[in-house]
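Chemist: Below you will find the structure I want to go over with you.
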Amino acid sequence: MKIAAADGVSLYVEEVGSGVPIVFVHEFAGDYRTWEPQMRFFARAHRCITFSARGYPPSDVPDNAGAYGQDIARRDVIAIMDKLGLESAHIVGHSMGAYTALHVGIHHPERCYSVAALGCGWGSSSAEREQATKLGHEMAASFENEPMEVVAARYARSPFRLTFAAKDPRGFAEFERMLAQHSGRGSALTLLNLQLRRPTLQELEDQLSRFAPPLLVVVGDEDFPCLDGSMFLKRVVPTAGLAVLPRAGHTITSEEPDAVNRALAELFAAAQSNTWTSHRFQAKSK
C-alpha cells in the first residue's frame, strides 16, 4: 500500500500479522525487503509493518534536498503509525533506521512500547564528523554519477559487510541485487541531507540520558564503525541493554537473523510485561 507523509510524499508500506505492532525501519543499503527474516518470524504473533523510506522505490523519490532529513524521517514513521491507527508499537531500526528509531523514542516515547537500535553508530562521534562528511560526499557522487550496479557491488563489499558474504553467499548476492535496484539520486540525497546532517550520538547525549522507552542495542563485533556508538548508547541511555553478536558484521538482520530475532523477542516480552528495568539503580542510603 501507499501512505502519504505530511508533505505529500508517498511511502510504500507492507504489513502482515496481528497482535502488538512492530514497525521496522531499514538501513541506508536496505529497503522494505530487508526485514523479511523478521517479518516472517514475528508475524506469527505480532502486527508487523515494514516500509521503504523516501528516496527508496517503490516509495517516492523527491528531487529536492529539503525533502530529506532526520526530523523528516522521524515524522514519516509517525505518519505511518497514524495512518495505520497505531497508538504505540515496538520501533526497530537498523543503522540509518536505528538513528530514526532513537529519535522516535526521544520525541514520542508514548508511542513506543520499546525501541531497538541495531548496528547503530556510523559517524556517531563529533571527532568522526569531518572524515564521515568527506566519505559521505564521495559516496554521494558515486551514487549520483555511476551505474547503480557498479556502486552497489562496491558498497556491498564494505569491510564491515564481508562476514555476511563469507557466511551466506546466496543471501549476500540477494542483498547486492536489491541494493542495485535502488535510486542513485535518492541514495545521494539521503546521504547528503539525512546521514551527514543528523546530530551525532554525542550531540544527543543529554536527550539520550533521559530516554524513557526500553532500549535494546545490538551490534556485531566485526561492525567496527558501530562498536563505539553502541557502547556509548549502553553507557548513556538508562534503559539500554546491549547484545554483541560474535563474528558478525553490519548486515546483521540478514546475516544473523536467528540471533537478532531471539534478542528482539526477549525485548518485546520484557517490555510488554514491564520487566525491562533501568540499569541506573540508586544505592540505598543508610
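Chemist: Those residues that are surrounded by fewer than 19 Cβ atoms within 10 Å (Cβ to Cβ) and in contact with a helix residue (DSSP H, G or I) (Cβ under 6 Å, 6 or more places away or on another chain), I need them from segment 244-274; list them, please.
Modeler: Our first condition is that a residue be surrounded by fewer than 19 Cβ atoms within 10 Å (Cβ to Cβ); within segment 244-274, this holds for 244, 246-247, 257-259, 261-262, 265-266, 269-270, 272-274.
Pro257, Asn261 - these are the residues of segment 244-274 that are surrounded by fewer than 19 Cβ atoms within 10 Å (Cβ to Cβ) and in contact with a helix residue (DSSP H, G or I) (Cβ under 6 Å, 6 or more places away or on another chain).
Chemist: Which pairs turn up if I take residues in segment 226-251 that are farther than 14 Å from Leu208 by Cβ and look for partners that are assigned to a loop (DSSP other than H, G, I, E, B) and among the aromatic types (Phe, Trp, Tyr) with beta carbon separation below 9 Å, at least 6 apart in sequence or on another chain?
Modeler: Cys226/Trp122; Gly241/Trp276; His250/Trp122
Chemist: For Arg54, only one of the following conditions fails: (1) in contact with a strand residue (DSSP E or B) (Cβ under 7 Å, 6 or more places away or on another chain); (2) free of Cβ contacts under 8 Å to residues at least 60 places away in the same chain. What is its number?
Modeler: Looking at each condition in turn, Arg54 falls short on (2).
Chemist: Go through segment 223-243 and give me each residue that's buried (at least 19 other Cβ atoms within 10 Å of the Cβ), touching a Phe, Trp or Tyr at 6+ places or on another chain (Cβ under 8 Å) and more than 18 Å from Pro159 (Cα to Cα).
Modeler: Val237, Thr239, Ala240, Gly241
Chemist: Okay, next question. Can you name the condition, by its number, that Ser88 falls short on among (1) at pLDDT 95 or above; (2) surrounded by 18 or more Cβ atoms within 10 Å (Cβ to Cβ); (3) small (Gly, Ala, Ser); (4) in contact with a Lys or Arg (Cβ under 8 Å, 6 or more places away or on another chain)?
Modeler: Of (1) at pLDDT 95 or above; (2) surrounded by 18 or more Cβ atoms within 10 Å (Cβ to Cβ); (3) small (Gly, Ala, Ser); (4) in contact with a Lys or Arg (Cβ under 8 Å, 6 or more places away or on another chain), only one is false for Ser88: (2).
Chemist: Let me ask you something else. Here is a list of conditions, (1) within 13 Å of the chain's Cα centre (by Cα); (2) farther than 24 Å from Leu264 by Cβ, and Gly66 meets all of them except one; can you say which number that is?
Modeler: (1)
Chemist: Just the residues that are among the polar types (S, T, N, Q) and over 25 Å from Gly249 (Cα atoms), please, taken from segment 175-215.
Modeler: In the first step, residues of segment 175-215 are kept if they are among the polar types (S, T, N, Q); the result is 181, 183, 187, 190, 193, 195, 200, 202, 207, 209.
If the condition is that a residue be among the polar types (S, T, N, Q) and over 25 Å from Gly249 (Cα atoms), then Asn193, Gln207, Ser209 are the ones that fit.
Chemist: For the subset of segment 107-145 comprising residues that are in contact (Cβ under 8 Å) with a residue 60 or more places away in the chain and hydrophobic (A, V, I, L, M, F, W, C), which member is farthest from Glu256 (Cα to Cα)? Full working, then the answer.
Modeler: Residues of segment 107-145 in contact (Cβ under 8 Å) with a residue 60 or more places away in the chain: 109, 112-126, 128-129, 132-133, 136.
From what's left, hydrophobic (A, V, I, L, M, F, W, C): 112, 115-118, 120, 122, 132.
Details: Cys112: 25, Val115: 19, Ala116: 16, Ala117: 15, Leu118: 12, Cys120: 16, Trp122: 20, Ala132: 27 Å.
Across segment 107-145, the extreme among qualifying residues is Ala132.
Chemist: With respect to Met148, determine if the residue is touching a residue at least 60 places away in the same chain (Cβ under 8 Å) and either in contact with a Gly (Cβ under 8 Å, 6 or more places away or on another chain) or under 24 Å from Gly220 (Cα atoms) (or both).
Modeler: On the way: touching a residue at least 60 places away in the same chain (Cβ under 8 Å): no; either in contact with a Gly (Cβ under 8 Å, 6 or more places away or on another chain) or under 24 Å from Gly220 (Cα atoms) (or both): yes.
Criteria not met by Met148.
Chemist: Where residues in segment 151-167 are of a type outside the set (A, V, I, L, M) and over 18 Å from Ala180 (Cβ atoms), which of them is surrounded by the fewest Cβ atoms within 10 Å (Cβ to Cβ)? Write out each step before concluding.
Modeler: From segment 151-167, those of a type outside the set (A, V, I, L, M) are 154-155, 157-161, 163-164, 167; that's our starting set.
Still in the running and over 18 Å from Ala180 (Cβ atoms): 159-160, 163, 167.
Numbers: Pro159: 12, Phe160: 19, Thr163: 23, Lys167: 14.
Checked segment 151-167; the qualifying residue surrounded by the fewest Cβ atoms within 10 Å (Cβ to Cβ) is Pro159.
Chemist: Can you pull out every residue in segment 8-66 that is under 25 Å from Ala153 (Cα atoms), of a type in the set (A, V, I, L, M, F, W, C) and in contact with an Asp or Glu (Cβ under 6 Å, 6 or more places away or on another chain)?
Modeler: none
Chemist: Return the residue satisfying two criteria in turn: it lies in segment 189-222 and is farther than 30 Å from Tyr113 by Cβ and buried (at least 22 other Cβ atoms within 10 Å of the Cβ), and of such residues it is farthest from the chain's Cα centre (by Cα).
Modeler: Leu189
The values are calculated or read from the model by the stated rules, or taken from the named source; none is laboratory data. Everything numeric here is computed off the predicted structure, so don't read it as measured data. Virtual Cβ from ideal backbone geometry, glycine too; neighbours counted across all protein chains shown.
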